[in-house]
Amino acid sequence: MKTETFRGRDFLTLLDYTKEEVETILDVAFELKRKRALGEKHHLLEDKTLFMIFYNQSLRTRNSFEAGMTQMGGHAHFLDPSKIYKPARKGHEVAYSTERISDVSRTLARMGEAIAIRCYGDPVDWEYGEAHEIIKDFAKWSHIPVINMECDKYHPCQAMADLMTVKEKMGTFKGTKFTMSWAYSPSVHKPRAVPQSAIIAAAKMGMEVTLAHPKGMDLDPEVLGACEQMSGDAGGSFRVTNDFEDGLKGAHVVYPKAWCATPLFMEPVGQSDPKKTQEIFDGHKDWICDKEHMEMADKQAIYMHCLPADRGFEVTDEVLDGPQSAAFDEAENRLHAQKAVMSLIMK
Ligand code: CP
């Protein structure tokens, strides 16, 4: 494949990238991980600037992008929307407080080589899809690549790190039983971006994918449809179960995390019913990844989590800190996977 096909492209969702392209990104990520381990200089983005706009908090995403740009000889610039004129879509503007996204995007594009954005939840009043539209709006007006650092629909950078971790631990995607499961959290305010991107990535690479969640915690039907299609094309499988233990049985990869149900979201997708969401959450406190549940999976199974994890709720300390946990390898792989994406699309 010509790596030139990556130059200048946005990275908004893995749905925009073919299986072959994802494999190329993974190859580059492993090569950059090798170079860093050996202390080999890899200044692929010397003098380049990445602008990062964070509407939400972050530990891993911010620091992996920032460290990644430094390691490649460039600079990542952190922008807090409340400290600039808050980028706003047409029709949501407030005089001398916000600035239209078209203007922010075109201005930053004149000064750097990529713009990365994180936006979901409160900044868009939990209107499902609105944050993704904001990121698409940036991309529409920017002549440099736009990277999705997590919106309300997708977290493609996390998904690349997830794939890298599975490949490292399992050696192959073919035949790997990948279970993405809902898990209980005391907070219902959890976006669906991670599970949606994880099943997209696993289905695209042809894994045997199981999505487990309580009734009412359904993911976006468009994403589910895409997963069915991609898993068929890649020779894998895709199924949904409402039974936690059924989802865990025989799995090679166990990835339990909380996400919020459809009723939390505003129209047009949800009904904005936080009380109903809370009831569903509270009715499934037994969906916790503890030692007993891990024993239902394959003996060699790995535990994955995008982090931060709600210890004692989504997962026990024993599992997260235990020998089967790949969560911190996964966190490290954010660095390598994103360096691969940036070096391919920004150069
Ligand atoms: N997994 C992840 O995106 O972590 P942060 O929220 O810390 O960036």
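The values are calculated or read from the model by the stated rules, or taken from the named source; none is laboratory data. Because the structure is a prediction, the values reported are computed rather than measured. Note that we place each Cβ from the backbone using ideal geometry, even for glycine, and neighbour counts take in every protein chain shown.
With respect to the conditions (1) surrounded by fewer than 14 Cβ atoms within 10 Å (Cβ to Cβ); (2) at positive phi, residue 129 falls short on a single one, namely (1).
Of the residues making up region 91-111, just one is over 19 Å from residue 48 (Cα atoms) and among the basic types (Lys, Arg), namely 100. Checking each residue in region 22-54 for being more than 16 Å from the ligand (Cβ to nearest atom) and in contact with a Lys or Arg (Cβ under 6 Å, 6 or more places away or on another chain) picks out 32, 42. Only residues in region 230-252 that are not assigned by TED's automatic domain parsing to the domain that holds residue 17 count as the first member; pair them with residues that are modelled with pLDDT of 95 or more and acidic (Asp, Glu), Cβ under 8 angstrom, at least 6 apart or cross-chain, and list the lot. As it stands, the answer is 236/208; 237/208; 238/228; 244/286; 250/298; 251/298; 252/298, since those pairs meet every condition given. Checking the stated criteria, residue 197 turns out to be of a type outside the set (A, V, I, L, M), in contact (Cβ under 8 Å) with a residue 24 or more places away in the chain, surrounded by 22 or more Cβ atoms within 10 Å (Cβ to Cβ) and within 13 Å of the ligand (Cβ to nearest atom).
Note on region 235-347: enclosed helices (runs of 4 or more DSSP H) holding 2 or more residues that are in contact with a helix residue (DSSP H, G or I) (Cβ under 6 Å, 6 or more places away or on another chain) and charged (D, E, K, R) are 327-346.
In region 105-122, which residue that is out of contact with any strand residue (DSSP E or B) (no Cβ under 9 Å at 6 or more places or on another chain) and not charged (D, E, K, R) is surrounded by the fewest Cβ atoms within 10 Å (Cβ to Cβ)? I'd like the intermediate steps shown before the answer.
As a first pass, look at region 105-122 and keep what is out of contact with any strand residue (DSSP E or B) (no Cβ under 9 Å at 6 or more places or on another chain): 106, 110, 120-122.
Next, only the ones that are not charged (D, E, K, R) stay: 120-121.
Details: 120: 26, 121: 19.
Per the criteria, the residue is 121.
Scanning region 292-330 for residues that are in contact (Cβ under 8 Å) with a residue 40 or more places away in the chain, surrounded by fewer than 20 Cβ atoms within 10 Å (Cβ to Cβ) and over 20 Å from residue 176 (Cβ atoms) yields a count of 4. Could you grab me the full set of residues in region 99-141 that are in contact with a Phe, Trp or Tyr (Cβ under 6 Å, 6 or more places away or on another chain), at pLDDT 95 or above and more than 25 Å from residue 345 (Cα to Cα)? Correct list: 99 only. For region 55-78, state whether one or more residues are within 16 Å of the ligand (Cβ to nearest atom), in a strand (DSSP E or B) and surrounded by fewer than 17 Cβ atoms within 10 Å (Cβ to Cβ). Yes: region 55-78 contains one or more residues that are within 16 Å of the ligand (Cβ to nearest atom), in a strand (DSSP E or B) and surrounded by fewer than 17 Cβ atoms within 10 Å (Cβ to Cβ). Within region 82-128, the residues that satisfy the criterion of being among the basic types (Lys, Arg) and not in a strand (DSSP E or B) are 83, 89, 90, 106, 110. Exactly one residue among 298, 220 is under 30 Å from residue 24 (Cα atoms) and in contact with a Gly (Cβ under 6 Å, 6 or more places away or on another chain), and that residue is 298.
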